[in-house]
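What follows is one structure encoded as structure tokens, with my remarks underneath.
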Amino acid sequence: MFPINVFTLLKYLAGIAMSVVLLALLLVAFMDWNLMRAPIGRWVSGATGRSFVINGDLSVNLGLPPRIVVNDLVLGNAVWSDKPNMLEIKRLDLRLDIFRLLTTGLAFPEIALSAPHVTLEVSRDGMANWVFNDQNANQEVSFPVIDRLTIDHGSVTYRDPRLNTDLLFELKTREGDRGNPALTLEIDGKGHFKGLPTTLHAQGGALLSLRSAETPYPIKANGVLGKTQASIEGILLDPLHFKGQQLNFTLVGNDLASLFPIIGVPIPPTPAYRLTGFLDHIDNVWTFSRFKGTIGQSDIAGNFAVDRNQQPQMISADLVSKQLRMQDLGGFIGADRGAQPSATPPANDRVLPAEEFSLKKLAAANADVHFRGEKIISKNTPLNNMTAHLVITDGKLALAPLDFGVAGGNLVSYIEMDSRQSPIVTHAEITAKGLHLAQLFPGSSLAAADTGTMGGRANLAGSGNSVARMLASANGEAALIMDGGSVGELTLRLANLDIANSLLVLLGGDKQVPIRCMVSNFKAVDGDFIVKDLLLDTAKVNIVGTGNIDFGDEAIHLRLVPESKGFSLASLRGPIAITGTFKTPVLRPELGGVIVRGGLAVALGAVSSGVGALIPLLDFGTERDSNCKTLLGEAKADSGVKTSDMAPRGGKAQNHQTKKKMP
């Protein structure tokens, strides 16, 4: 038998236990929680490898749910940063769900942050300050459950010296308005992104919904990046993992080429633009669809996609312009673009584009782009419309084809540029089909009815990183021919300085003179286009040309010699010289022989009472036709001109989408 009854012992033990629990509760309720600041600081420092201190009061309320308030807490930054603190929070007020803590894990019904300031930065070596100890930078971070989060006057700083980026974002939570009740987060940002001055104003959904991969995150934002303005409105899909978005998107700026250092998509220089469309991003494929807008004074519409699953990235586009101003395309060849001059304009006495193509851009992406210009506005050329198919494959660019409707016919080019070689090696095969002489020179005496059609071809190869250098090094052949047609008689008579017959034509009216043939056949050697044959043969006059056109010096040296086929009572028979430069060409008669004949006429007139003055001016003509068949055959053989190239195209430019491989 025990000296003390067992039940009595149990009763005492139960009383002692209850007293201990009660004492513990009293100690917890009335203890100074500030004593826990140091142990908590040591634990966080050990877990993160950073200093952590609570400089203010720490209090705990053991109600249901328990409430914890922490004042003035500071988390240190990475050792390589010149900013001492990564995180500063003036006041952290949170409630803890005990039941969920014991069953499913850490959960907070509510967290309120007052004046939180976060610094996120990347070192020059690429180290991120949000990676702690030996944590993998790509390791997925698990977040506790937070039912409600409020922020009062918070800020986030992001710095990356490698990208010359330093941004400050101020954020706060707010009540959603009637129009957008879901937009409860407001962000204002400023600073520099990739060296460009940047501002941002954005409204988004609840900050906590960013972590949900299933719930689309609403967003509305507008910003300025350098001289580019952008605005978006729509939803983000799984934003923490940047899986995609569906946004109405507006983009306004001075030059689309300036987007390359920002988004990495190579676009040629353009004049000022404004584009509006739908931006979608799914599985690393960005699509700007159903967009429309203006570039310079040209309208533009279509679809544009960038697939970054491929290396290099793949650009696909289908673009249409209903009214295309040719000057707005100048940036594609390094010329002035709209009202904006080229970055590298030609020298004062030159006109060929001297701005070099960007080898970096040509290597940055592959591309498959279709473009159609339905109506072309051009001051100096009778262009009607155009189609183009641009393909870039591993630095090799092909226009196959580039087709212009011009002068009632077509100018079809197949151009290949290989930027893998330095300098760029270019080959061009150009075909002129059914060009109407009348439409080539509208408003002139050549623009009479039924003046015939021309055809021609050019096969050229050159090297250089600009259009000017490519043409200055060009080798190959070029020919333009016409078999048949007609030309105004007055034009021919004036070309021969045939005074008498020109007066007769003026008095009796200009008539069309049949053209037997027209041949212009050039041989290009290192940019110097040398005349092989240059001839206009008609029933009244032959005009024969010699000389060269030098694309290296942009100089013209041509001499046209007219030969009359009939008698003229007074003809000065002067050759015509075309000289000067591409920028300032000069057309003038060679006055040497004209002056001699004129002076002799004056002398003879003085001694013969005026009758002898006509003797030096008499022109009995040669009555000799050129060998058109042979000359046409040579031009066809040299440059590959076909008879079908001279066939009329029905008076309207037609586009030809015939597939063709470059040689």
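The values are calculated or read from the model by the stated rules, or taken from the named source; none is laboratory data. Because the structure is predicted, anything quoted here is derived from the model rather than measured. With ideal geometry, Cβ positions are generated from the backbone for all residues, glycine too; neighbour counts draw on all protein chains shown. Areas reflect the complete protein model, heavy atoms only, side chains present, ligands, DNA and RNA absent. Shrake-Rupley method; radii C 1.70, N 1.55, O 1.52, S 1.80 Å.
Being small (Gly, Ala, Ser) and in a strand (DSSP E or B) is the filter here; which residues of region 513-553 pass it? Of everything in region 513-553, those that are small (Gly, Ala, Ser) and in a strand (DSSP E or B) turn out to be Ser520, Ala524, Gly545, Gly547. Filtering region 46-89 to residues that are surrounded by 15 or more Cβ atoms within 10 Å (Cβ to Cβ) and touching a Gly at 6+ places or on another chain (Cβ under 8 Å) leaves Arg50, Ser51, Phe52, Val53, Ile54, Val70, Asn71, Asp72, Leu73, Asn85, Met86.
Taking the conditions exactly as written (open to solvent by 30 Å² or more (accessible area, probe 1.4 Å), part of a loop (DSSP other than H, G, I, E, B) and free of Cβ contacts under 8 Å to residues at least 40 places away in the same chain), does Asn303 satisfy them or not?
Taking the combined requirement at face value, the residue does not satisfy it.
Within region 254-292, if we keep just the residues that are under 12 Å from the mean Cα position of the chain (by Cα), crowded, with 17+ Cβ neighbours inside 10 Å and of a type in the set (Gly, Ala, Ser), the residue that is modelled with the highest pLDDT turns out to be Ala272. In region 221-241, of all residues being crowded, with 18+ Cβ neighbours inside 10 Å and over 27 Å from the mean Cα position of the chain (by Cα), the one that is farthest from Thr276 (Cα to Cα) corresponds to Pro239. Checking every residue in region 308-329 against the condition of being in contact (Cβ under 8 Å) with a residue 60 or more places away in the chain, within 30 Å of Lys583 (Cα to Cα) and touching a helix residue (DSSP H, G or I) at 6+ places or on another chain (Cβ under 7 Å) gives zero matches. Checked against (1) of a type in the set (Val, Ile, Thr); (2) modelled with pLDDT of 70 or more; (3) buried (at least 21 other Cβ atoms within 10 Å of the Cβ), Val487 passes all but a single condition, namely (2).
Scanning region 270-300 for residues that are in a loop (DSSP other than H, G, I, E, B), of a type outside the set (A, V, I, L, M, F, W, C) and closer than 21 Å to Thr250 by Cβ yields Thr270, Pro271, Gly296, Gln297. As a summary of the residue check, Leu390 satisfies the conditions (1) within 30 Å of Asp307 (Cβ to Cβ); (2) in contact with a Gly (Cβ under 8 Å, 6 or more places away or on another chain) except for the one numbered (2).
Here's the yes/no breakdown for (1) of a type in the set (Phe, Trp, Tyr); (2) without any contact (Cβ under 8 Å) to a residue 40 or more places away in the chain; (3) outside any helix (DSSP H, G or I):
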site: Met36; (1), (2), (3): no, yes, no
site: Val53; (1), (2), (3): no, yes, yes
site: Val60; (1), (2), (3): no, yes, yes
site: Val69; (1), (2), (3): no, yes, yes
site: Val74; (1), (2), (3): no, yes, yes
site: Met86; (1), (2), (3): no, no, yes
site: Ile89; (1), (2), (3): no, yes, yes
site: Asp93; (1), (2), (3): no, yes, yes
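Checked against the criterion of being of a type in the set (D, E, K, R), within 16 Å of Ile232 (Cα to Cα), modelled with pLDDT of 95 or more and out of contact with any helix residue (DSSP H, G or I) (no Cβ under 7 Å at 6 or more places or on another chain), region 178-199 contains one or more residues that satisfy it.
Looking across region 529-544 at every residue that is under 43 Å from the mean Cα position of the chain (by Cα) and among the charged types (D, E, K, R), the one that is surrounded by the most Cβ atoms within 10 Å (Cβ to Cβ) is identified as Asp533. If the condition is being of a type in the set (Lys, Arg) and under 45 Å from the mean Cα position of the chain (by Cα), then region 98-129 contributes only Arg124.
The condition of being under 20 Å from the mean Cα position of the chain (by Cα), surrounded by 15 or more Cβ atoms within 10 Å (Cβ to Cβ) and touching a residue at least 12 places away in the same chain (Cβ under 8 Å) does not hold for Thr198.
Yes or no, residue by residue, for (1) at pLDDT 90 or above; (2) over 19 Å from Ile89 (Cβ atoms); (3) open to solvent by less than 70 Å² (accessible area, probe 1.4 Å):
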| position | (1), (2), (3) |
| --- | --- |
| Asn136 | no, yes, no |
| Val141 | no, no, no |
| Thr150 | no, no, yes |
| Gly154 | yes, no, yes |
| Pro161 | yes, yes, yes |
| Asp166 | yes, yes, no |
| Thr173 | no, no, yes |
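Cβ-Cβ contacts under 6 Å between residues 6 or more apart (or on different chains), taken from a first residue in region 345-369 that is closer than 13 Å to Gly264 by Cα to a second residue that is modelled with pLDDT of 90 or more and assigned to a loop (DSSP other than H, G, I, E, B), are listed as Lys361/Pro266; Leu362/Gly395; Leu362/Ser419; Ala363/Gly395; Ala364/Pro266; Ala365/Pro266; Ala365/Pro312; Asn366/Pro312.
Under the condition of being under 55 Å from the mean Cα position of the chain (by Cα) and among the acidic types (Asp, Glu), which residue from region 31-85 is farthest from Arg124 (Cα to Cα)? Residue satisfying both the conditions and the ranking: Asp72.
The single condition from (1) under 24 Å from His192 (Cα atoms); (2) in a helix (DSSP H, G or I) that Ile219 fails is (2).
Checked against the criterion of being of a type in the set (S, T, N, Q), assigned to a strand (DSSP E or B) and at negative phi, the candidates Ser258, Ser231 yield just one match: Ser231.
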